[in-house]
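Read the structure below first, then the notes.
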Amino acid sequence: MRFTYAEAMTDPSFYVPLAKAAEAAGYTSMSIADSLVYPKESDSTYPYTADGKRDFLEDKPFIETFTLIAALGAVTTTLRFTPFVLKLPIRPPVLVAKQATSIACMTGGRLGLGVGLSPWQEDFQVMGVPWERRGKRMDEAIDILRGLSTGEYFEFHGEHFDIPAIKMAPARPFPILVGGHSEPALRRAVVRGDGWMHAGGDDLDALLGRLDDIRKQEGKAGAPFEIHVISMDAYTPDGVKRLADKGVTDVIVGFRMPYAKGPDTQPLAKKIEHLERFAETVIAKVNP
C-alpha cells in the first residue's frame with residue numbers, strides 16, 4: 001500500500017518542511033490542492049459538504065499547483081506529488097501539458113496528475129471557458145495531455161480544440177488520475193485515465209464495484225490502475241488491509257478537518273507530530 005499525505009489551505013511557509021518530513025517518515029506521495037479564485041457572490045454548490053456551501057474556502061491560501069510542486073520537488077528526492085485535483089477543463093490543455101511534462105522531467109517522474117471538473121461555474125466564467133459541454137472538453141483535454149507527453153509530433157481536431165502537428169521537448173509521460181464520483185467520471189477514469197481519485201464520503205464500496213464493472217466492460221480488468229481513496233479504514237493497519245483487499249493502491253490521509261472556517265491554527269510542529277505518529281503506528285506496520 002502507498003500512503004499520501006494531505007495538507008492544504010495552511011500557512012504557505014509550512015509546505016517545504018512538511019514535504020521533507022513526509023518523505024523522511026515514509027509517505028509515498030503528497031497531495032496538492034487546486035483553487036484559482038474565490039468569488040464574492042456565487043450560486044454554485046459544493047458537492048462534498050453537507051450543506052453545499054464553500055465559505056470555508058474564503059481567505060484560505062492556495063499556491064498555484066504546479067508552482068508548489070516545483071518548489072517541493074526541489075527539496076525532496078522520492079516524494080511523489082498528486083494534484084487533488086487540477087481543474088483541467090478551465091485551463092488551456094497545451095499549457096497544462098507543458099507544465100506537467102516539465103514537472104515530470106524536473107522531478108524524475110514524481111508526478112501523478114490528478115484531474116477533474118471544477119464544480120464552480122465561476123471558474124469557467126473568469127477563465128473565459130463555456131460551462132456547457134465541459135465533460136467533452138475534459139475528455140479532449142486529457143487526450144491532448146496524453147498525446148503531447150510522448151514527445152512525438154501530435155495533432156488534435158475535436159469539438160473544442162484544434163491543434164496542428166506539434167511536439168514538446170523535453171517530454172515525459174505521467175499517469176493521469178481522474179477524480180469524481182459520477183458515472184461519467186468513473187468511466188473517464190477507466191477509458192482515458194491511469195487511475196481514479198476518490199473525494200471521500202459517498203459509498204466507497206459501491207463506487208469501487210462500479211469501477212470494477214466498467215474495467216471489465218472496457219477489457220481493462222487486469223491492466224495496471226491506481227485507486228486513491230479517502231477512508232477511515234486508512235487509519236489502522238487492519239483497515240488498510242481491508243482497503244488493499246478491495247483493490248485500493250493508495251490511501252490519502254490528513255490530520256485535521258479541511259472544511260473548518262477561518263485560518264488554520266494548527267502549528268507546524270503539531271502537523272509534523274501527527275504525520276510522524278501515523279507513520280510509526282500504521283505505515284511501518286503495513287510496509288515493514
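The values are calculated or read from the model by the stated rules, or taken from the named source; none is laboratory data. All values reported here derive from a predicted model rather than from experimental measurement. Methodologically, a virtual Cβ is constructed for each residue, glycine included, from the backbone with ideal geometry; neighbour enumeration extends over all protein chains shown. All accessible areas refer to the heavy atoms of the entire protein, side chains included, with ligands and DNA or RNA removed. Shrake-Rupley method; radii C 1.70, N 1.55, O 1.52, S 1.80 Å.
Key figures
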{"item": "Unique match (being in a loop (DSSP other than H, G, I, E, B), over 30 Å from K241 (Cβ atoms) and in contact with a strand residue (DSSP E or B) (Cβ under 9 Å, 6 or more places away or on another chain)) among S44, S35", "result": "S35"}
{"item": "First in segment 112-139 and in a loop (DSSP other than H, G, I, E, B), second anywhere and open to solvent by 60 Å² or more (accessible area, probe 1.4 Å), Cβ under 8 Å, 6 or more apart", "result": "L117/R134; P119/T45; P119/P47; M127/L36; W131/Q121; W131/Q125; R133/E159"}
{"item": "Segment 241-288 - residue that is in contact with an Asp or Glu (Cβ under 8 Å, 6 or more places away or on another chain) and acidic (D, E) and, of those, modelled with the lowest pLDDT", "result": "D264"}
{"item": "Residue in segment 143-169 that is farthest from C105 (Cα to Cα), counting only those that are open to solvent by 60 Å² or more (accessible area, probe 1.4 Å) and outside any strand (DSSP E or B)", "result": "E159"}
{"item": "Of residues in segment 1-32 being assigned to a loop (DSSP other than H, G, I, E, B) and aliphatic (A, V, I, L, M), the one farthest from T78 (Cα to Cα)", "result": "M9"}
{"item": "Count of segment 58-104 residues which are of a type in the set (S, T, N, Q) and without any contact (Cβ under 8 Å) to a residue 12 or more places away in the chain", "result": "1"}
{"item": "Candidate set from segment 100-111 (those that are part of a loop (DSSP other than H, G, I, E, B) and open to solvent by 20 Å² or more (accessible area, probe 1.4 Å)); member that is farthest from L88 (Cα to Cα)", "result": "G108"}
